[in-house]
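Engineer: Structure incoming, see below.
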Amino acid sequence: MSNQKHILSILVDNEPGVLSRIAGLFSGRGYNIESLSVAQTAENSFLSRITMVTVGDDHIIEQITKQLHKLINVITVNDLTDKKYVQRELMLIKVNAKPEQRAEILRIVDIFRCRVVDVGPEHYTIEMSGDDGKIEAFIDLLRPMGIIETARTGLIALPRDKKKSK
Amino acid sequence: MKLKGAQILIKMIKEEGVDTIFGYPGGAVIDIYDALDKTPDLRHILVRHEQGAVHAADAYSRAKGTVGVALVTSGPGATNTVTGIASAYMDSIPIVVFTGQVPTALIGNDAFQEVDIVGITRPCTKHNYLVKDITKLARTIKEAFHIARSGRPGPVLVDLPKDVMGAMTEFEEPGDIDLRSYKPTYNPNMKQLSRVVELIKEAKRPVIFSGGGVVLSKASGELVKLAKMMNSPVTASLMGLGTFPGSDPLWLGMLGMHGTYRANMSIGNCDLLIAVGVRFDDRVTGRKDKFASEAKIVQIDIDPTSIHKNVEANCPIVGDCKNTLELLNSMLESENPADVCGNPEERQAWLDQIAQWRATSPQRYEQKDDVIKPQYVIDRLHKLTDKNTIITTEVGQNQMWTAQYYLFDKPNHFITSGGLGVMGFGLPAAIGAKAACPDKLVVCVAGDGSIQMNSQELMTAIESNLPVKIVILNNRYLGMVRQWQELFYDKRYSYTNMERAPDFVKLAEAYGAIGMRTDKVNEVEEVLKKGLACEGTVIMEFIVEREECVYPMVPAGVAITEMLLV
Ligand SMILES: Cc1ncc(C[n+]2csc(CCOP(=O)(O)OP(=O)(O)O)c2C)c(N)n1
Ligand SMILES: [Mg+2]
């Protein structure tokens, strides 16, 4: 069995301590968290959606899913990996932008359809979103300019079908 | 009706049908104790250490088949419960632990006797709560009991800030508990169940393997019926002892590291294994890829995470053990009985094979007339007590010899810390069991090391008039660790010598209990008879063979069929 990346969409009670129960489950049982994003859902303020990227073989993913379900505050766990879904990640990236670099950076920003959100005398901060492939490609292109720092939200995802994901 | 938080707590505990709680007071719970003082119909047993309160509540729950309750103060009171909670968690025992907490306004300020007990116990409770709002108190308590006892049971902790206990509110009945995120599966998938019927009809060499889940779901009657219908031998984990009568010819003895030769060989050679309410602990399976490697495995458990965790089941069934076995039995009843119990010749050949394993390598010891063998003491204890006796144990060799030589005939009568293996469990557990079943004889089998971990609870037994009988198998060693040192560390007995020990007879007397001691083989019966017949709490100390080992034994990581025999 090979290790595979899985995107889990987890609906939980929006209560203090819930995230720590989930994080504790992962650390206590030696599972991996590659990325994690959490926020209250718009449809119901008593709920939060956690999108988590984790890695493991089928056996581990089965245990992760079942163990998550077992937590009293977890309402649903949806493994999106083998379903049709859309995924996005948001990144802010601060990059060197000396006058002679600016035109090239703006060209790349244009091609990737992202935006410069802050400008300094010698730097740009750029906002970009996309799937992880697009984000990695963007970073690679900017690397020669000198990346100062980045912040990423971690992946979020929803299934494509119309049904509310249970 | 206006009630104080503390009164709501007590009212809700009583509504759960709990008549006894175990606890220890302190500043943060002083309002609760003030209310308890005015509640004569809820018995409070004052322990001498909070760990004892939790073990007692655990055993109370097991002996009675209900939820056990412990109540302690904040900070050190709360941290002292952690070992007890972890043990109950590992053994899936339904208890609710109420801890005091500093007033809500002080939480997070490193206040005097503040500790984040909800954070500390998160990984060893089924669920836990901090109640900050008195209007949610009644409902939270009801939820706590519901979660503790339903599904796969387990400990739940409720942290109660002092100001919430002291405040007043209009009491409202919380109504029924319906948690949308928590719906255990009680009823099995019927299609899967009909597959089990087919597997049973095809089986030539079946074995039934019963675990703690059978005790918890009170499914022992159904399990026995299944075994009889199938004419199938039965083994059990440590936690499952008593779910199938130890006196029945189909009984194989315990399975695993210190299981019987015939039980382990049966697992290695069976073609169908029906595992009920077990989680395939490593102490049971040994080397996993060799475990029941010739068998189709049916696994029945209410907890989906128990399935495919350690052993791959061919036919997993998520459901309550009792419900599932009831349904399975009724399906089997509508089959031709001859199909269910297998081809008579094949089945007889299987049972003969097992009888032969038993004959060549029985569980055995040899009692000569010089030094007392610990197994002999347990053997005699078994002969001198009836099947309604509740036996608790400490941890180590004493625990394993009890499991091997005391043949349990009923569930809920063997109470031991199985998953966590906590030394210091046995005495407070005996007190909890006695509180649950005052009419039953309760015996704690102890080691000389373990008994010293919670011996202060002798005072609880005396003060609360809960007389228990303590049998100490004194080998002057931390015997189980010494056994591993003997077998795997060239007899380097590093820090396991316990020759310097208190005088246990005087210790008993210091607390107002009765103490007896013998090192003579021909006095064992007499001491047991006398001690068991005494009214009060008794310590019976047996000076036993120092370097006796528990056999058979499967070394860690080896297939369970590769046993070290005597
Ligand atoms: C709280 C705790 N600490 C340490 C251990 C490790 N341990 C397991 S068995 C054992 C020896 C127990 O000695 P004793 O109570 O004399 O029992 P015996 O094995 O000699 O019958 C020890 C130290 C444990 N199980 N629990
Ligand atoms: Mg000892």
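Engineer: Could you check, for segment B:289-296, whether at least one of its residues is under 28 Å from B:GLY421 (Cβ atoms), assigned to a helix (DSSP H, G or I) and open to solvent by 60 Å² or more (accessible area, probe 1.4 Å)?
Structural biologist: yes
Residues are listed down the side, and each one gets a yes or a no for (1) open to solvent by less than 20 Å² (accessible area, probe 1.4 Å); (2) in contact with a strand residue (DSSP E or B) (Cβ under 8 Å, 6 or more places away or on another chain); (3) within 14 Å of another protein chain (Cβ to nearest Cβ):
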residue	(1), (2), (3)
A:THR65	no, yes, yes
A:ASN73	yes, yes, yes
A:THR76	no, yes, yes
A:ASP79	no, yes, no
A:GLU89	yes, yes, no
A:LYS98	no, no, no
A:ARG102	no, yes, no
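Conditions (1) open to solvent by less than 10 Å² (accessible area, probe 1.4 Å); (2) assigned by TED's automatic domain parsing to the domain that holds B:THR99; (3) on the phi < 0 side of the Ramachandran plot, marked per residue:
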| position | (1), (2), (3) |
| --- | --- |
| B:LYS14 | no, yes, yes |
| B:GLY17 | no, yes, no |
| B:PRO25 | no, yes, yes |
| B:ASP37 | no, yes, yes |
| B:ARG43 | no, yes, yes |
| B:VAL47 | yes, yes, yes |
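Engineer: Same structure again: Would you tally the residues in segment B:352-379 being under 23 Å from the mean Cα position of the chain (by Cα) and of a type in the set (D, E, K, R)?
Structural biologist: Final tally of qualifying residues: 1.
Engineer: May I ask you to list pairs of residues, at least six apart or on different chains, whose Cβ atoms are under 9 Å apart, with the first in segment B:453-481 being of a type in the set (Phe, Trp, Tyr) and the second being surrounded by fewer than 23 Cβ atoms within 10 Å (Cβ to Cβ)?
Structural biologist: Hits for this filter: B:TYR477/B:GLN483; B:TYR477/B:TYR493; B:TYR477/B:THR496; B:TYR477/B:ASN497; B:TYR477/B:MET498; B:TYR477/B:GLU499; B:TYR477/B:ARG546; B:TYR477/B:GLU547.
Engineer: When segment B:169-206 is examined, which residues are found to be surrounded by fewer than 11 Cβ atoms within 10 Å (Cβ to Cβ), touching a strand residue (DSSP E or B) at 6+ places or on another chain (Cβ under 7 Å) and within 14 Å of chain A (Cβ to nearest Cβ)?
Structural biologist: B:ARG180
Engineer: What tally of residues in segment B:301-323 results from selecting those that are closer than 14 Å to B:LEU199 by Cα and either outside any strand (DSSP E or B) or touching a Gly at 6+ places or on another chain (Cβ under 8 Å) (or both)?
Structural biologist: 2
Engineer: Let me ask something else about it. Out of segment B:48-80, which residues are of a type in the set (Val, Ile, Thr), assigned to a loop (DSSP other than H, G, I, E, B) and closer than 12 Å to B:GLY23 by Cβ?
Structural biologist: Passing the criteria: only B:THR73.
Engineer: Taking the condition more than 14 Å from chain A (Cβ to nearest Cβ), of a type in the set (Gly, Ala, Ser) and in contact (Cβ under 8 Å) with a residue 12 or more places away in the chain, does B:ALA144 pass?
Structural biologist: no
Engineer: Inside segment A:53-63, can you point out the residues that are among the aliphatic types (A, V, I, L, M) and either surrounded by fewer than 18 Cβ atoms within 10 Å (Cβ to Cβ) or assigned to a strand (DSSP E or B) (or both)? Working first, answer last.
Structural biologist: First, pick out the residues of segment A:53-63 that are among the aliphatic types (A, V, I, L, M): A:53, A:55, A:60-61.
If the condition is that a residue be among the aliphatic types (A, V, I, L, M) and either surrounded by fewer than 18 Cβ atoms within 10 Å (Cβ to Cβ) or assigned to a strand (DSSP E or B) (or both), then A:VAL53, A:VAL55 are the ones that fit.
Engineer: Determine which member of the set B:VAL544, B:VAL468, B:VAL566, B:VAL521 is crowded, with 21+ Cβ neighbours inside 10 Å, within 25 Å of B:GLU366 (Cα to Cα) and among the β-branched types (Val, Ile, Thr).
Structural biologist: B:VAL544
Engineer: On to the next question. Out of B:VAL527, B:VAL505, I need the residue that is touching a Lys or Arg at 6+ places or on another chain (Cβ under 6 Å), over 26 Å from B:LEU564 (Cα atoms) and more than 16 Å from ligand 2 (Cβ to nearest atom). Which one?
Structural biologist: Of the residues listed, the single one that is touching a Lys or Arg at 6+ places or on another chain (Cβ under 6 Å), over 26 Å from B:LEU564 (Cα atoms) and more than 16 Å from ligand 2 (Cβ to nearest atom) is B:VAL505.
Engineer: Return yes or no: is B:THR83 among the polar types (S, T, N, Q), open to solvent by 40 Å² or more (accessible area, probe 1.4 Å) and part of a helix (DSSP H, G or I)? So that I can check it myself, show each step before the final result.
Structural biologist: Values: among the polar types (S, T, N, Q): yes; open to solvent by 40 Å² or more (accessible area, probe 1.4 Å): yes; part of a helix (DSSP H, G or I): yes.
So B:THR83 passes the test.
Engineer: Further, regarding this structure: I'd like to verify a number: residues in segment B:422-438 that are under 10 Å from B:SER450 (Cβ atoms) and either out of contact with any strand residue (DSSP E or B) (no Cβ under 9 Å at 6 or more places or on another chain) or open to solvent by less than 20 Å² (accessible area, probe 1.4 Å) (or both), how many?
Structural biologist: The qualifying residues number 5.
Engineer: I would also like to ask the following. Which of the residues spanning segment B:105-133 are assigned to a helix (DSSP H, G or I), surrounded by 20 or more Cβ atoms within 10 Å (Cβ to Cβ) and more than 12 Å from every other protein chain (Cβ to nearest Cβ)?
Structural biologist: B:ILE117 - this is the single residue of segment B:105-133 that is assigned to a helix (DSSP H, G or I), surrounded by 20 or more Cβ atoms within 10 Å (Cβ to Cβ) and more than 12 Å from every other protein chain (Cβ to nearest Cβ).
Engineer: Separate question: If you take the residues of segment B:86-104 that are farther than 27 Å from B:ASP281 by Cα and among the hydroxyl-bearing types (Ser, Thr, Tyr), which of them is least open to solvent (accessible area, probe 1.4 Å)?
Structural biologist: Checked segment B:86-104; the qualifying residue least open to solvent (accessible area, probe 1.4 Å) is B:THR99.
For every residue, the table says whether it meets (1) assigned to a loop (DSSP other than H, G, I, E, B); (2) at pLDDT below 95; (3) touching a Pro at 6+ places or on another chain (Cβ under 7 Å); (4) not hydroxyl-bearing (Ser, Thr, Tyr).
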site	(1), (2), (3), (4)
A:LEU90	no, no, no, yes
A:ILE108	no, no, no, yes
A:ASP118	no, no, no, yes
A:THR150	no, no, no, no
A:LYS162	yes, yes, no, yes
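Engineer: Within segment B:439-461, take every residue that is within 16 Å of ligand 2 (Cβ to nearest atom) and of a type outside the set (Gly, Ala, Ser) and give me the one that is most open to solvent (accessible area, probe 1.4 Å).
Structural biologist: Checked segment B:439-461; the qualifying residue most open to solvent (accessible area, probe 1.4 Å) is B:MET453.
Engineer: Name the residue that is surrounded by the most Cβ atoms within 10 Å (Cβ to Cβ), counting only residues in segment B:372-404 that are away from ligand 1 (no atom under 13 Å from the Cβ) and assigned to a helix (DSSP H, G or I).
Structural biologist: B:LEU381
Engineer: Filter segment A:23-48 for residues that are within 14 Å of another protein chain (Cβ to nearest Cβ) and either surrounded by 20 or more Cβ atoms within 10 Å (Cβ to Cβ) or part of a strand (DSSP E or B) (or both) and give the result.
Structural biologist: Matches in segment A:23-48: A:LEU47, A:SER48.
Engineer: Name the single residue that is surrounded by the fewest Cβ atoms within 10 Å (Cβ to Cβ) among those in segment B:297-323 being within 14 Å of another protein chain (Cβ to nearest Cβ) and among the small types (Gly, Ala, Ser).
Structural biologist: Among them, the one singled out is B:ALA313.
The values are calculated or read from the model by the stated rules, or taken from the named source; none is laboratory data. Quick caveat: nothing in here was measured; it's all calculated off a predicted structure. Note: ideal-geometry Cβ built from the backbone for every residue, glycine included; neighbour counts use all protein chains shown. Quick note on the areas: whole protein, heavy atoms, side chains included, nothing else; ligands and nucleic acids left out. Shrake-Rupley method; radii C 1.70, N 1.55, O 1.52, S 1.80 Å.
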